[in-house]
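Comments concern the structure below.
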């Protein structure tokens, strides 16, 4: 088993295009990117290696536990043509080689998908993070499903909790929802929730999710509608999840009351 702590996707020029932390606090993205690039350079120049693939960090040992096997974090790197991925995680000591092999395979596959989908964006000499719209959705759908738990009925964390970690809440349009949304969009309870967001704007959101064949995070929604409308979009998505239009998922790091 791999217990992920953080994942970064970085261009070969050092731009951080995606990161996801599973800790209680987010890391400094620029600092981590600089560390990774420095290690890459070290691997190529000092060790005469094409790429440095694994770095281990020892855990903290209690002074009374001399000789105890320490659980440390490993940094796993996989390089593509234009993008490389880095995972910080703890591997099962009994299956380290198998776990690392599987994780590397997953990273290589998602790197291929990212490079295929964003071929032109990665060629652009001027880095524009907004050019990678949908990247978060792609990675969430293909790579992180085992880190999510489905949300049932009212078992959401508070809005304030999701505002701290807006990538921790995700919505997926269901097969039933694609067919029934046109009915629920005119449902009185839905209309009552809409004060700032126009129904046509929400139509566009649903169409985009359907076109992607994927899911959208609360972060995507905040960027789309603005922080001043985050409460309204949160309540709309919750209501339509209860109606079966969406499935809602929660990343492990956000606690949800039973």
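Numbers for the structure displayed
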| item | result |
| --- | --- |
| Residues (without any contact (Cβ under 8 Å) to a residue 40 or more places away in the chain, in contact with a helix residue (DSSP H, G or I) (Cβ under 7 Å, 6 or more places away or on another chain) and either in a helix (DSSP H, G or I) or loosely packed, with under 11 Cβ neighbours inside 10 Å (or both)) located in segment 150-194 | 178 |
| The lone exception for residue 99 - which of (1) in contact with a strand residue (DSSP E or B) (Cβ under 7 Å, 6 or more places away or on another chain); (2) at pLDDT below 90; (3) surrounded by fewer than 18 Cβ atoms within 10 Å (Cβ to Cβ) it fails | (3) |
| Inter-residue pairs, beta-carbon under 9 Å, first in a helix (DSSP H, G or I) and in segment 109-121, second loosely packed, with under 14 Cβ neighbours inside 10 Å, 6+ apart | 111/81; 115/81; 121/128 |
| Test for residue 208: is it free of Cβ contacts under 8 Å to residues at least 60 places away in the same chain, in contact with a strand residue (DSSP E or B) (Cβ under 9 Å, 6 or more places away or on another chain) and closer than 30 Å to residue 81 by Cβ | yes |
| Qualifying residue in segment 227-238 (condition: assigned to a loop (DSSP other than H, G, I, E, B) and either in contact with a helix residue (DSSP H, G or I) (Cβ under 7 Å, 6 or more places away or on another chain) or closer than 17 Å to residue 154 by Cα (or both)) | no |
| Pick from segment 208-223, criterion assigned to a helix (DSSP H, G or I) and modelled with pLDDT under 90, ranking: surrounded by the fewest Cβ atoms within 10 Å (Cβ to Cβ) | 211 |
| Test: residue in segment 171-178 that is more than 28 Å from residue 252 (Cα to Cα) and over 24 Å from the mean Cα position of the chain (by Cα) | no |
| All positions within segment 1-31 that are modelled with pLDDT under 70, surrounded by 13 or more Cβ atoms within 10 Å (Cβ to Cβ) and not in a loop (DSSP other than H, G, I, E, B) | 29 |
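The values are calculated or read from the model by the stated rules, or taken from the named source; none is laboratory data. Small disclaimer: the values here were computed from a predicted structure and weren't measured. Ideal geometry is used to build each Cβ from the backbone, glycine not excepted, and the neighbour counts take in all protein chains shown.
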